[in-house]
Amino acid sequence: MRDFSSLVGAADRAIFSVGGESLASEFKNLKIREEPRRVQVGFFHVWIRGSSRYNVFYNTDDFVGFLERCDRAAKNNKTFVSAFVLMDNHVHLQIYTHCLNDFMRSLLMSFNQWYNRRKGLSGQLFNSPFCSKLIDDEDYLRYNYLYILTNPVRAGMCENITKYRWSSYHFTKKGYYNYLSKFLDINYLVNDFLFKSYSDLHAGAEKHLRDWWSAEKAENGDKKFSMELVRPTDNEVAKYLDFILKGRCLSDMSRNELVKTMQILRERGGATYRQISAVTRVSFYDVIRMLKEER
């Protein structure tokens with residue numbers, strides 16, 4: 001009979017099969033050490049947000065670089081990833097691990113160093129400490145899995161889970177080419193445990209969204225939460241800006257030209273004030289002020 005404990009047992013076997021008996025022996029020795037305050041073993045929802053809510057991911061290299069370092073950190077720290085979504089300024093992961101802190105420390109340090117070195121930056125990319133919640137039953141496992149996959153839809157970035165590029169949804173389409181599989185291995189235990197088929201997953205995602213939108217509309221009113229609203233990603237706004245500039249630099253523009261560019265991004269590109277601020281490096285409040293003055 002299927003139950004959550006059987007899934008945990010299968011997850012343990014999947015982790016220890018990578019390192020064999022030596023890995024299992026190593027884990028037993030770890031028990032002698034003092035246990036950290038944060039629970040270290042089990043299924044977890046982990047989320048990290050850019051410092052001060054700043055964007056982290058702007059282009060394909062940024063997304064791929066994170067996935068590659070996530071894969072390496074998981075394989076080196078008794079962990080597997082069952083679901084993920086990379087948004088513009090935050091990340092959600094569903095993992096099974098035997099050393100949560102070590103996995104996250106390895107991932108965040110390696111990505112931070114790589115990212116800053118490439119872009120000539122310094123400082124911490126993500127807020128610290130990272131956030132995590134233990135998943136200890138099947139209901140929450142299912143809710144969290146669907147919450148992660150539907151995050152871009154709820155954020156208004158796409159119409160359904162098939163349209164967002166940077167999530168583990170694409171690993172569920174078995175038998176189809178998946179570009180992301182080159183950078184990160186996903187363990188299928190949770191997906192296969194929760195859903196009987198590909199169509200069952202989609203039905204679950206649609207129900208999850210209906211329930212979520214109903215709850216939000218009841219609390220906040222229909223106008224604020226429209227499922228028809230789809231805004232561009234920061235990556236799309238940055239590409240549209242490059243198209244508008246046609247090789248010119250923002251620093252070479254007059255104030256009027258800069259304001260005109262902002263207007264195009266806002267009115268034709270559907271960009272938010274925050275997105276315009278991010279791609280033009282003009283402060284958020286100056287963007288609002290400059291656009292309002294031109295009305």
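The values are calculated or read from the model by the stated rules, or taken from the named source; none is laboratory data. Because the structure is a prediction, the values reported are computed rather than measured. Glycine also receives a Cβ, built like all others from the backbone with ideal geometry; neighbour counts cover every protein chain displayed.
General remarks:
- Residue match in the stretch 40-51 (condition: modelled with pLDDT under 95, part of a loop (DSSP other than H, G, I, E, B), over 22 Å from Leu189 (Cα atoms) and among the hydroxyl-bearing types (Ser, Thr, Tyr)): no
- Considering the stretch 108-129, and only residues there that are of a type outside the set (Gly, Ala, Ser) and touching a Lys or Arg at 6+ places or on another chain (Cβ under 6 Å), the residue that is surrounded by the fewest Cβ atoms within 10 Å (Cβ to Cβ) turns out to be Asn127.
- Search result, residues across the stretch 248-265 that are in a helix (DSSP H, G or I) and of a type outside the set (S, T, N, Q): Leu250, Asp252, Arg255, Glu257, Leu258, Val259, Lys260, Met262, Ile264, Leu265
- Test result for Asn101, crowded, with 19+ Cβ neighbours inside 10 Å, touching a residue at least 60 places away in the same chain (Cβ under 8 Å) and closer than 28 Å to Ala10 by Cβ: no
- Residue check, Ser132 within 24 Å of Asn76 (Cα to Cα) and in contact (Cβ under 8 Å) with a residue 60 or more places away in the chain: yes
- Selection count, the stretch 124-141, where residues are under 13 Å from Leu100 (Cα atoms) and among the aromatic types (Phe, Trp, Tyr): 1
- Summed over the stretch 272-295, the residues that are over 17 Å from Ser251 (Cα atoms) and among the aliphatic types (A, V, I, L, M) give a count of 2.
- The stretch 6-29, residues that are at pLDDT 55 or above and surrounded by 13 or more Cβ atoms within 10 Å (Cβ to Cβ): Leu7, Val8, Ala10, Ala11, Asp12, Ala14, Ile15, Phe16, Gly19
- In the stretch 261-295, the residues that are exposed (fewer than 14 other Cβ atoms within 10 Å of the Cβ) and among the basic types (Lys, Arg): Arg268, Arg281, Arg289, Lys292, Arg295
- Pair list, Cβ < 7 Å and 6+ apart or interchain, from the stretch 57-82 residues that are assigned by TED's automatic domain parsing to the domain that holds Phe44 to residues that are among the charged types (D, E, K, R): Phe57/Asp88; Tyr58/Asp234; Asp71/Asp185; Asn77/Asp102
- Output for the stretch 49-88, where each listed residue is of a type in the set (Gly, Ala, Ser), surrounded by fewer than 23 Cβ atoms within 10 Å (Cβ to Cβ) and under 14 Å from the mean Cα position of the chain (by Cα): Gly50, Gly65
- Where strands (runs of 3 or more DSSP E) fall wholly inside the stretch 67-179, the ranges with 2 or more residues that are over 26 Å from Glu206 (Cβ atoms) and not β-branched (Val, Ile, Thr) are 131-135.
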